[in-house]
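Colleague: First the structure, which I've put down as structure tokens, then a few questions once you've had a look.
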Amino acid sequence: MKIDRLLGIIILLHKKEKITAPELAKRFEVSKRTILRDIEDICKAGIPIVTYQGGGGGISVAEGYKLDKSVLSIDELRSIITGLKGLSSVSETAIIEGLITKLSPNNQKFPIKDNIKIDLASHYKSSLAEKISIFENAIYNKRLVSFDYYSNKGNHKRILEPYCITFKWSSWYIYGFCKEKNDFRLFKLNRLWKLSILEEVFESRALHYGEPDFSSYFDNTNKITLLFDKSIEYLIVEEYGPDSYDITENGEFRLVLDYINRDYIIRWILGLGEKVKVLEPEDIIQEILNTTKKMSDNYK
């Protein structure tokens with residue numbers, strides 16, 4: 001994760017008199033170009049970094065500059081520590097807790113209070129923390145990972161070159177090169193079980209450098225129009241916001257949605273029961289009719 005890498009680079013630069021970009025790239029398992037972008041971000045944050053060319057050259061913190069806690073304001077420290085505590089909710093290691101201790105100020109006039117609590121694991125903490133730890137290890141050592149993956153197409157064994165762990169759309173995903181599909185893929189961690197790090201080492205593919213555009217995996221290309229009862233207005237607001245729907249002349253609530261996953265949107269509609277009605281498209285209406293008929297038949 002980028003914030004971990006930036007903090008790691010800063011700590012290394014203060015421990016070492018000089019270090020080269022290739023050394024940093026190797027240490028953090030990224031490209032030299034990514035390291036140079038990171039150095040630029042660190043400079044923008046106010047930490048003076050200088051580079052030396054030629055033999056014996058490298059990157060270092062400007063002479064006479066020392067980073068201490070007073071460099072960061074209490075609000076900046078609070079934001080960093082809140083984010084780190086969020087990461088600790090899906091981490092089994094003590095590294096993050098140690099970093100929190102180092103960053104926390106001793107001055108009791110400025111206590112770091114837990115005004116914001118972030119739990120990125122919820123009740124999946126045990127399984128998620130283990131999966132994330134396995135993938136972090138595999139990414140660092142460039143080792144293939146095998147696992148069982150459950151999807152609407154069934155349960156399949158997959159072998160993956162892992163490159164990046166990401167938290168998007170309220171879920172954790174692993175991004176990597178799938179050997180079966182011969183392409184880069186995202187896999188949801190909660191659908192992924194029986195992980196095993198293989199002995200085989202892989203060579204990094206050029207395509208993984210830089211920041212992957214995960215939004216391309218979830219383009220909104222489908223639309224659905226719904227009428228829903230006022231009694232579930234709070235659920236619509238919770239999911240899509242108070243400006244997502246219109247009130248018709250008859251006092252009904254009309255909602256037009258872009259959706260990605262057909263199976264998910266049908267399950268969501270069925271979960272709302274008689275409180276919602278699909279106006280279009282017709283194929284969704286027919287599928288809901290067929291599904292409810294089969295459900296009814298199960299109880300005959």
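Values in this text are rule-based calculations from the coordinates and carry no lab data. Since we're looking at a predicted model, the values are computed, not measured. Counting neighbours? That spans all protein chains shown, and the Cβs are built from the backbone with ideal geometry, glycine included.
Colleague: With a Cα-only, solvent-free Debye model of the range 222-298, what are the log10 I(q)/I(0) values at q = 0.11, 0.15 Å⁻¹?
Modeller: With one equal scatterer per Cα and no solvent, log10 I(q)/I(0) is -0.28, -0.51.
Colleague: Under a Cβ-only charge scheme (Lys and Arg +1, Asp and Glu -1), can you give me the dipole magnitude of the range 222-298 about the Cα centre, in debye to the nearest 20?
Modeller: Values: 9 positive and 16 negative charges, 56 e Å.
Dipole size: approximately 260 debye.
Colleague: Oh, and also: List 147, 167, 184 from most exposed to least, where exposure is judged by having the fewest other Cβ atoms within 10 Å. Provide the component values of the computation, followed by the final result.
Modeller: Details: 147 21, 167 15, 184 18.
Listed from fewest to most nearby Cβ atoms, that is 167, 184, 147.
Colleague: Local charge sum around residue 144 (other residues, Cβ-Cβ under 10 Å, Lys/Arg +1, Asp/Glu -1)? Intermediate results must be reported in sequence, preceding the final value.
Modeller: Details: positive: 142, 143, 179; negative: 161, 199, 200.
Value of the local net charge: 0.
Colleague: Turning to a different aspect of this structure: Holding the Cα-Cα limit at 28 Å, pick out from 168/294; 153/194; 32/117 the pairs that are longer than that.
Modeller: Values: 168/294 34 Å; 153/194 18 Å; 32/117 35 Å.
In this structure, 168/294; 32/117 lie more than 28 Å apart at Cα.
Colleague: Sort 223, 85, 153, 131 by Cβ crowding within 10 Å, fewest neighbours at the top.
Modeller: Numbers: 223 11, 85 19, 153 7, 131 22.
Ordered by Cβ neighbours within 10 Å, fewest first: 153, 223, 85, 131.
Colleague: Let me ask something additional. Local charge sum around residue 256 (other residues, Cβ-Cβ under 11 Å, Lys/Arg +1, Asp/Glu -1)?
Modeller: Numbers: positive: 223, 254; negative: 246, 258, 280.
Net charge in that neighbourhood comes out at -1.
Colleague: Related question: To make sure I understand, if each residue's beta carbon is the centre and we count other beta carbons within 10 Å, what order do 43, 164 fall in, fewest to most? Intermediate values should be presented prior to the final figure.
Modeller: Working: 43 12, 164 17.
Fewest-to-most Cβ neighbours within 10 Å comes out as 43, 164.
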